[in-house]
1. Would you check which residues across the range B:123-151 are surrounded by fewer than 18 Cβ atoms within 10 Å (Cβ to Cβ), charged (D, E, K, R) and part of a loop (DSSP other than H, G, I, E, B) and list them?
2. Quick check, is B:Glu111 touching an Asp or Glu at 6+ places or on another chain (Cβ under 9 Å), outside any loop (DSSP other than H, G, I, E, B) and either more than 10 Å from every other protein chain (Cβ to nearest Cβ) or surrounded by fewer than 18 Cβ atoms within 10 Å (Cβ to Cβ) (or both)?
3. Within the range B:120-139, track down each residue that is away from every other protein chain (no Cβ under 14 Å) and in contact with a Leu (Cβ under 6 Å, 6 or more places away or on another chain).
4. Please enumerate the residues belonging to the range B:46-103 that are facing chain A (nearest Cβ under 7 Å), in contact with an Asp or Glu (Cβ under 8 Å, 6 or more places away or on another chain), of a type in the set (Gly, Ala, Ser) and under 22 Å from B:Ile186 (Cα atoms).
5. Among the residues of the range A:1-25, what is the count of those that are modelled with pLDDT of 90 or more, over 18 Å from A:Phe94 (Cβ atoms) and among the aliphatic types (A, V, I, L, M)?
6. Does A:Phe114 satisfy the criteria of being farther than 30 Å from A:Leu217 by Cα and free of Cβ contacts under 8 Å to residues at least 24 places away in the same chain?
7. Of all helices (runs of 4 or more DSSP H) completely enclosed by the range B:1-104, which ones contain at least 1 residues that are in contact with a Lys or Arg (Cβ under 9 Å, 6 or more places away or on another chain)?
8. Just to check your reading of the model, which residue among B:Gly120, B:Gly207 is exposed (fewer than 15 other Cβ atoms within 10 Å of the Cβ) and touching a residue at least 40 places away in the same chain (Cβ under 8 Å)?
Amino acid sequence: MLRVARLIAAKDLRIELRSRVVTNQVLPFAAIVMVMFAFAFNTDSVVQKVAPGLVWLATLFSLLTLVQRSFAVETADGATDALRGAGVDPAGIFLGKAIALAAQLAVLELVLLFTAVVLYSAEFRLSGLVLLVTTFVAATCGLALVGTLYGGLAAGVRGRETLLPLLLLPVVAPVLIGATRATEAALGTGGAVVADGWSWVGLLTVFVALFGVGGTLAFGPLIEE
Amino acid sequence: METVVHLSNAVAVLGRFPVLAGVDLEVAKGEIVLLQGPNGAGKTSLLRLCAGLLPLVRGEAIVLGCDLMTDRDGVRKRVGLLGHANGLYADLTVTENVRFWGSTVGASVAEVDAAMQRMGLAKRLAKVPVNRLSAGQRRRTALACLVARRAELWLLDEPHAGLDANGRDELDTTLREATNAGATIIVASHELERAGALATRLVEVVGGQTRERSL
């Protein structure tokens, strides 16, 4: 399973390096969303206060594009069918695609966080660094796992472009809430303290475990006929 | 002669619709069997059943020694199905595609190189991205992937579709070489003249059932 996961992840990341969809399309899209938020909230104090939530909202919107892209490369020339036909371990496919998606999300989130600090004057404090890193790792894993699972579910369905947001966004609500609260605690937004954030990291960890195990088991039957 | 495919009264359904209604088929190692019949007759379903992609509902089906009722995964690893799509990644080069599919069965670099050599892809086309290839070159790349995957039974659905005269000739040569190297091939095609010249046997598929015909 791990050998297949490594193979799929390497293939997906190589395709991304060649096509540069993340760098040329998803990153600019996410940056534009951040700028639009700044226009919409027009007051510095408000933007500063909601900056963590805006970072994660922009991440979720970009996640939809990344997931669509991740499965578009599989379905374009029937590769999903070929993978099933070749008896490639579906659990390995699931983990491999989730790893590649997590790597792309990580780059995206770094850019978004940097944009929030520059654009929204969000404060960054060293005491919250461990919490901030842990939150980003846990939330990224959670989003990548659930994105891959639902991407696989929607990939073979007609109208998948509109179906995916409908399925995915309600499911990732716990990640949005948990990651936003933990990031607020890490950055000290609105007087929050670092200790407040760890319980939210706990929620994110449970989410990761749930979708990690569930996705690994369910992905095979999901992509079967 | 070693039997590669043995189907006896095999029944398969797609959703609630019966697509194969008691199929009988025997294919020996090294044969090229042509499946012919009208659209919707069950040719593609028969190929997908042999590939382990369509579940067997009733009857007996043994492919490469694996019982399709109990061991579909065992069949999948040893069979190569090439349908209307090629299963290639457009942004990757020919070599990267063949290497990827070879790696799914743990093929060595030498095996991948040999597969590309056999399909005439080793030199000029090796580093070309698949999205810049012609339809015939894509087909050859897909076949190289089957070789690299060590597929023992090739199941080809309309393999000549979309190819020009040169591409068709190249494909026929490739298929003959593959059988000489030990592969067994089942081809579903509407083109009796072209595929008939290639085949060793003709099987007609009508209404989800098979009938042996003379070439």
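The values are calculated or read from the model by the stated rules, or taken from the named source; none is laboratory data. Just so it is clear, the model here is predicted, and its values are computed rather than measured. As a convention, Cβ positions derive from the backbone with ideal geometry for all residues, glycine included, and neighbour counts pool all protein chains shown.
1. Of everything in the range B:123-151, those that are surrounded by fewer than 18 Cβ atoms within 10 Å (Cβ to Cβ), charged (D, E, K, R) and part of a loop (DSSP other than H, G, I, E, B) turn out to be B:Lys123, B:Arg124, B:Lys127, B:Arg150.
2. So B:Glu111 fails the test.
3. Answer for the range B:120-139, where residues must be away from every other protein chain (no Cβ under 14 Å) and in contact with a Leu (Cβ under 6 Å, 6 or more places away or on another chain): just B:Gly136.
4. B:Gly83, B:Ala85, B:Gly87 - these are the residues of the range B:46-103 that are facing chain A (nearest Cβ under 7 Å), in contact with an Asp or Glu (Cβ under 8 Å, 6 or more places away or on another chain), of a type in the set (Gly, Ala, Ser) and under 22 Å from B:Ile186 (Cα atoms).
5. Adding up the residues that qualify gives 1.
6. Working: farther than 30 Å from A:Leu217 by Cα: yes; free of Cβ contacts under 8 Å to residues at least 24 places away in the same chain: yes.
Here the answer is yes, as A:Phe114 does meet what is asked.
7. Counting at least 1 such residues, we get B:72-76, B:94-103.
8. B:Gly207
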